[in-house]
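Working notes, beginning with the structure itself.
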Amino acid sequence: VGSSVIQAQQKTTDMPGAGGRTRTSPHVKAEWSIDGATVTIEYGRPYLKGRPEADMMPAGKEWRTGSDEATIITATRPIRIGTLTLAANTPHTINTVPGAS
């Protein structure tokens, strides 16, 4: 999917913990329809709980984006993000390298 217009509204669903386990942060699944593909992102919103952001996400070090579990992106068709092409129907983990600010 190249640059496009979103054809449907975002759908967001709260996600319980797998196997009924308790999570420390809220988890959400968001879905969009883009050029006939459904793109889904499942993520946990981190709560800092008084901790400095730099302790949780150190600058210059890869961070497993999301809380409790890795953030996952899946699409029903191959999609391209920048120079990266993601295969269809395959969960991909999103990682981040935070900058100094």
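Every read-out reported here was derived from the displayed coordinates using simple, explicitly stated rules and does not represent laboratory data. In this text the structure is predicted, and so the values were computed from the model without any measurement. Heads up, the Cβs are rebuilt from the backbone with ideal geometry, glycines too, and the neighbour counts pull from every protein chain shown.
Observations
- In order through region 71-87: 3J(HN,Hα) via Karplus (6.51 cos²θ - 1.76 cosθ + 1.60), integer Hz, x for Gly, Pro: 6, 10, 10, 9, 9, 7, 9, x, 10, 10, 10, x, 9, 9, 9, 9, 5
- Ignoring lysines fewer than eight residues from Lys11 along the same chain, the ones with Cα atoms less than 21 angstrom from its Cα are Lys29.
- Reachable aspartates and glutamates from Lys49, criterion Cα separation under 18 angstrom, eight or more residues apart if same chain: Asp68, Glu69
- Top positive-direction residue, dipole computed over region 54-101 with Cβ charges, set Val97, Ile81, Met56: Ile81
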